[in-house]
Amino acid sequence: MRVRKENVLLVVFWKSLAVSIIAGIIVISITYLLFDYNKQMSTMTVNISYIKDIYSIIFAIFAPFIAIYLFSDWKEQHNKQIIADEAKKLLISIDKDIYFLANLKATLEMKDQKKTLFQEYDDSVSNSVRNFMQNHNLNDEQGYLVSELANILEFEKIRKEYSEVTLLIQNTMNMLIKSNVPIEQIVELLETFRKKFAILNKIYKQNIKKLIFA
C-alpha cells in the first residue's frame with residue numbers, strides 16, 4: 001500500500017511539473033510578444049513591475065484550472081487504490097476456495113466409500129464443510145464490496161455466477177449430509193463441481209487482478 005501511495009505522489013509530481021513547464025512557456029511567450037524586443041535590446045530598459053503584473057494575471061487565470069486538473073487526477077488515483085486494496089483481500093480469499101474444496105474431497109475419500117455421509121460424519125468432515133462455507137460467506141461480502149466500488153458490469157456478472165456455483169455446492173453438501181447417498185457418489189459429484197469451479201475461479205481471479213493492476 002505504501003508503494004502505491006508513493007507511485008501516486010510521483011504521478012502527481014511529474015504531471016504538476018509538466019503543467020508548470022507548459023504554463024511557464026506560455027507566460028514567457030506572451031511576455032515576449034508584449035514587448036518590443038529590439039527596443040529592449042537597444043535601451044536595456046524594461047518595466048519590471050509591468051512584467052510582474054502580467055505574470056500574476058496569467059498565473060491567476062491558470063491556477064484554478066491546474067488545481068482542478070491535479071485534484072481530479074489525484075482523486076481518480078486514490079479511488080483506484082481503494083479498489084485495488086479491497087480486490088487484493090478478495091483475491092486471497094478466492095484462492096482459499098480451491099484449497100478448501102480439495103480438502104473436503106480428500107477428507108471424504110478417506111472415509112468408507114460404501115457408507116453414507118451421515119454414517120461417516122465426524123469432526124474432520126464437519127471442519128472441512130464449515131471452512132468451505134465460511135469462506136464462501138466471506139467471498140460474497142468482499143466480492144459485493146469490490147463490485148460496488150468498481151461498478152463494472154462484467155465483473156458483477158462473473159461475481160454472481162461464481163457465488164451461485166459456490167452456494168450450489170454448499171446447499172448440496174447440506175442436503176447430502178442427511179441423505180442415503182454413498183460417499184463414493186458424493187466424491188464423484190464434488191469432482192464434477194470442482195472442474196467447473198476451477199474454471200470459474202480462474203476467470204474470477206483474472207478479473208480481480210485487472211482491478212488490482214488498473
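The values are calculated or read from the model by the stated rules, or taken from the named source; none is laboratory data. Remember, it's a predicted structure, so these values are computed and weren't measured experimentally. Note that each Cβ is placed from the backbone with ideal geometry, even for glycine, and that neighbours are counted across all protein chains shown.
Please verify whether N174 is farther than 16 Å from S93 by Cβ and in a helix (DSSP H, G or I), treating the condition exactly as stated. Spell out the reasoning first.
Working: farther than 16 Å from S93 by Cβ: yes; in a helix (DSSP H, G or I): yes.
Against the criterion (farther than 16 Å from S93 by Cβ and in a helix (DSSP H, G or I)), N174 qualifies.
Please determine whether any residue of the stretch 138-160 is more than 19 Å from the chain's Cα centre (by Cα), under 30 Å from I212 (Cα atoms) and among the hydroxyl-bearing types (S, T, Y).
no
Okay, residues lined up against (1) in a helix (DSSP H, G or I); (2) loosely packed, with under 13 Cβ neighbours inside 10 Å; (3) modelled with pLDDT under 90:
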{"residue": "E141", "(1), (2), (3)": "yes, yes, no"}
{"residue": "V146", "(1), (2), (3)": "yes, no, no"}
{"residue": "K157", "(1), (2), (3)": "yes, yes, no"}
{"residue": "Y162", "(1), (2), (3)": "yes, no, no"}
{"residue": "Q170", "(1), (2), (3)": "yes, no, yes"}
{"residue": "E184", "(1), (2), (3)": "yes, no, no"}
{"residue": "F193", "(1), (2), (3)": "yes, no, yes"}
{"residue": "N201", "(1), (2), (3)": "yes, no, no"}
{"residue": "K210", "(1), (2), (3)": "yes, no, no"}
